[in-house]
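Down below is the structure, laid out as structure tokens.
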Amino acid sequence: YISYKQENEKKFTLYSLFSTCKYTEKSELIFKLNQDMTDFLLELQGNFSKPLLSDFLKMNSPYSMAIWHLMQREMQSKKPNMTEVMTFSLSLEEMREVTGTQTKLKKLSQFKDKVLDKAIREIADNCGVDITYTYQKKARAVIGFDFSAKNQIHIDENKIPQNVKDK
């Protein structure tokens, strides 16, 4: 699915990307794009994220796919290299919208356990990116999360001796 949201609006439209998708005995994948997406796809001009398809193919949970897509948007469709740490924020409201959990998993502990923490585990297992988070709060209520993403093979540049950097 692809969600489309106009700038400065809270509403969005969710499109099914394919009208049909078939896997044949010859190991071929045949698909037909959803005709409702035609106008939308023709208007794309580069301001969209390009998540890595290979990452999504390994994931089991649709929640994980939706969360990783949001994170990829914030990381501009990149993964952190060996020395960088990428930071970004996501609101709880937006995460609930894209995962379709506005009316279910009402308690934050349920959302974290079934959606967010599960997505972070799948991302680490399948994409090689370790993600940690802290809460964004308004009074006592959690309204979002501040994320930090780093490559699983992370090297802290500050711990590399200067003489090694000079080489």
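Does S91 fit the bill of being open to solvent by less than 60 Å² (accessible area, probe 1.4 Å), within 19 Å of S3 (Cα to Cα) and among the polar types (S, T, N, Q)?
Criteria met by S91.
Taking helices (runs of 4 or more DSSP H) that do not extend beyond the range 105-167, which have at least 2 residues that are touching an Asp or Glu at 6+ places or on another chain (Cβ under 8 Å)?
The helices (runs of 4 or more DSSP H) meeting that bar are 117-127.
Here is a yes/no grid of residues against (1) at pLDDT below 90; (2) buried (at least 16 other Cβ atoms within 10 Å of the Cβ); (3) charged (D, E, K, R); (4) touching a Gly at 6+ places or on another chain (Cβ under 8 Å):
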position: F111; (1), (2), (3), (4): no, yes, no, no
position: K114; (1), (2), (3), (4): no, yes, yes, no
position: A119; (1), (2), (3), (4): no, yes, no, no
position: E122; (1), (2), (3), (4): no, yes, yes, no
position: G128; (1), (2), (3), (4): yes, no, no, no
position: I131; (1), (2), (3), (4): no, yes, no, no
position: A149; (1), (2), (3), (4): no, yes, no, no
position: N158; (1), (2), (3), (4): yes, no, no, no
position: P161; (1), (2), (3), (4): yes, no, no, no
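Tell me which residues, restricted to the range 13-57, are charged (D, E, K, R) and at pLDDT below 75.
Within the range 13-57, D39, E43, K50, D55 meet the criteria.
Taking the criterion of being under 17 Å from R73 (Cα atoms) and either open to solvent by 70 Å² or more (accessible area, probe 1.4 Å) or in contact (Cβ under 8 Å) with a residue 24 or more places away in the chain (or both), would at least one residue in the range 12-28 satisfy it?
Yes: the range 12-28 contains one or more residues that are under 17 Å from R73 (Cα atoms) and either open to solvent by 70 Å² or more (accessible area, probe 1.4 Å) or in contact (Cβ under 8 Å) with a residue 24 or more places away in the chain (or both).
When you look at T101, is it assigned to a loop (DSSP other than H, G, I, E, B), among the polar types (S, T, N, Q), closer than 25 Å to K58 by Cα and over 13 Å from the mean Cα position of the chain (by Cα), yes or no?
yes
The values are calculated or read from the model by the stated rules, or taken from the named source; none is laboratory data. Every value quoted in this text rests on a predicted model; they were computed, and no experiment measured them. Note that we place each Cβ from the backbone using ideal geometry, even for glycine, and neighbour counts take in every protein chain shown. Just so you know, the surface numbers come from the protein's heavy atoms only, side chains and all, with ligands and any DNA or RNA stripped out. Shrake-Rupley method; radii C 1.70, N 1.55, O 1.52, S 1.80 Å.
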